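Chemist: Handing you a structure now.
The values are calculated or read from the model by the stated rules, or taken from the named source; none is laboratory data. Remember, predicted model here, so these are calculated numbers, not experimental data. Cβ coordinates were reconstructed from backbone atoms using ideal geometry, including for glycine residues, and neighbour counts include every protein chain displayed. Accessible surface is based on the protein model in full, side chains and every heavy atom, while ligands, DNA and RNA are left aside. Shrake-Rupley method; radii C 1.70, N 1.55, O 1.52, S 1.80 Å.
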Amino acid sequence: MAEHIDSIDDLKRALSIEDLRNMSSEKVLELVKLIQNGQVGEIVLPTLFAAAPDTMAKVSQAMADSFQQALSSNKYSSDRLYDSFDKTKSILTQVIDDPNSSEESRRDALDRLERLDDKLMEHDVNNKRFNLQSLQVSKETILIGSVLVASAVVTTVGPEAKKLLAQNAPKVLSSTAKMLLPGKK
């Protein structure tokens, strides 16, 4: 693992930037990856949140975009797999129903159909697991959005409310980033 970031200055150096408030999209994604990889210390996150709420809003949006891309990719992949299974099943059924097929060919086709059904069931279980995990991530992403809206309101309130928000919001951001991006968990 690369160096651990324990201060805002360390974070700026790691991202090669001078100002956290005016980060490019590329730098925001780098920040999300740093958070996800556990490189950004828990001490830095509240300071980052308080110092650059717009940047944290971009981090939240990047996570939401990643979430949507993962769901779209999963749907596309599953649809293609189901189409392939349907075509294979149709061919194997033709072999089984063909009166000119040998007994060995029919048994082989039946065995293949059984394995195909097993693979289809395995995919279905894995897909449901992915969807459940996606729902959990979606809830946390919505929570982050709520925290960001709350932060806008809190800035007009007293310093105690700001302190409470700064202490709790980064934990939500960190755990969501870790779930959304590939890498260490």
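Chemist: Hand me the list of helices (runs of 4 or more DSSP H) wholly inside the range 1-100 holding 1 or more residues that are touching a strand residue (DSSP E or B) at 6+ places or on another chain (Cβ under 9 Å). First the steps, then the outcome.
Modeler: Values: elements: 8-15, 25-36, 44-51, 53-97.
Filter on the range 1-100 gives 8-15, 25-36, 44-51.
Yes/no matrix, rows are residues, columns are (1) open to solvent by 70 Å² or more (accessible area, probe 1.4 Å); (2) under 29 Å from the mean Cα position of the chain (by Cα):
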{"position": "LEU34", "(1), (2)": "no, yes"}
{"position": "ILE91", "(1), (2)": "yes, no"}
{"position": "PRO99", "(1), (2)": "yes, no"}
{"position": "GLU103", "(1), (2)": "yes, no"}
{"position": "ASP108", "(1), (2)": "no, no"}
{"position": "ARG112", "(1), (2)": "yes, no"}
{"position": "LEU120", "(1), (2)": "no, yes"}
{"position": "LYS128", "(1), (2)": "yes, yes"}
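Chemist: Can you pull out the residues in the range 74-89 that are open to solvent by less than 70 Å² (accessible area, probe 1.4 Å) and either touching a Cys at 6+ places or on another chain (Cβ under 6 Å) or more than 16 Å from ASP118 (Cα to Cα) (or both)?
Modeler: ASN74, SER77, ASP79
Chemist: Let me ask you something else. From the residues in the range 38-72 that are over 18 Å from ILE8 (Cβ atoms) and open to solvent by less than 70 Å² (accessible area, probe 1.4 Å), which one is farthest from the chain's Cα centre (by Cα)?
Modeler: Going through the qualifying residues, I end up with SER60.
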